[in-house]
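Below you'll find the structure, written out as structure tokens, and then a few comments.
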Amino acid sequence: MKISEVSKITGLTKKAIRYYECKGLISEDDYDKSGYKDYCEETIEQLHQIAFLRNLDMSVSEISLYLSSDDRDIILRRYLNKIESRVSKLNLIKKTILELMENSIDYDSYNERVTNMERNQNDFVLNKISKLFPTVFGEYIITHFREYLLEPIDTSEKEQAFNEIIDFLDDIDEEPIQVEINDYLNIINKDELTQVNIEIDKKLKTLNIDLNNYEEVRDFKKSIIDTNNRMNEVLVEFPQIKNMQAKLQKHLYDSGYYDKFVNNLRIISPKYDSYINYMEELSNKIKIDDK
């Protein structure tokens, strides 16, 4: 079927169809004898699905993650959390505008209400870091830790840990690694990296490995190696990225990354803490069995 016919059936413009094709959201179709792209039924169904998701206000990157995910419920739950957060904030904004129309707004009180409301939302840490660090360095942190930053700040211990992370990120000198961060973010496929992280988290959630069972440990070790190889395929699109990573990691660790960032993130994110604990235990077991 030609693109003009597909456009009429799906309600999408021809430009939108070509854009989604360029972004890899739909299958690659063959050309007919006249040299026109011949869209198959599977592609048309994919476009119907994309149009539906766009009507739910999903971004193209969110749709890409959804379509490529083995567990779409994870993507939908995350999107639902985002919608619920947006609704809560819009209700507060509506109330505040009405107060402002009556000239009775207390700015300090409003700011405090917004912060208190957002603290209990599941994406508070992610959104706060995004707002506080709009630079490429903030984008770099979010790109790598997105799944672990989807946390509220609902205890005093978490609040202290969060403040220490903010101080660490604010004090770190970005200048020596500015070029590397820019180049790194331009090279990596962020959607693919996010998908890999989701897959890793899914594997960890379903893991039930007996660390005293050699065969289970060996098989999981192979699984980790395979996942790591895929991660390398995502990251190492160009040879120079290895040098970028080395310089970025050295600068971060020299700045106190492990003590000030990693340990505090473990307090904020139970998911991250479980991941680190399990991987450390597994790593020690693998080392023993490899001897």
Of these, 143, 135, which one is touching an Asp or Glu at 6+ places or on another chain (Cβ under 8 Å), in the same structural domain as residue 275 (by TED's automatic domain parsing) and modelled with pLDDT under 85?
135
Being surrounded by 11 or more Cβ atoms within 10 Å (Cβ to Cβ), assigned to a helix (DSSP H, G or I) and touching a Leu at 6+ places or on another chain (Cβ under 8 Å) narrows it down to one residue among 65, 25, 47; which is it?
47
The lone exception for residue 103 - which of (1) free of Cβ contacts under 8 Å to residues at least 40 places away in the same chain; (2) on the phi < 0 side of the Ramachandran plot; (3) among the polar types (S, T, N, Q) it fails
(2)
For the condition among the aromatic types (Phe, Trp, Tyr) and more than 19 Å from residue 123 (Cβ to Cβ), what is the one hit in 66, 79, 39?
39
Count, please, the residues in the stretch 72-89 that happen to be surrounded by 14 or more Cβ atoms within 10 Å (Cβ to Cβ) and not hydrophobic (A, V, I, L, M, F, W, C).
7
Take the residues in the stretch 20-67 that are modelled with pLDDT of 85 or more and of a type in the set (S, T, N, Q), then tell me which one is nearest to residue 3 (Cα to Cα).
43
Scan the stretch 49-62 and give yes if some residue there is under 24 Å from residue 149 (Cβ atoms) and either touching an Asp or Glu at 6+ places or on another chain (Cβ under 6 Å) or touching a residue at least 40 places away in the same chain (Cβ under 8 Å) (or both), otherwise no.
yes
How many residues does the stretch 153-165 contain that are surrounded by fewer than 16 Cβ atoms within 10 Å (Cβ to Cβ) and either more than 21 Å from residue 262 (Cα to Cα) or modelled with pLDDT of 90 or more (or both)?
6
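The values are calculated or read from the model by the stated rules, or taken from the named source; none is laboratory data. Since we're looking at a predicted model, the values are computed, not measured. FYI the Cβ positions are ideal-geometry reconstructions off the backbone, even for glycines, and counts take in every protein chain you see.
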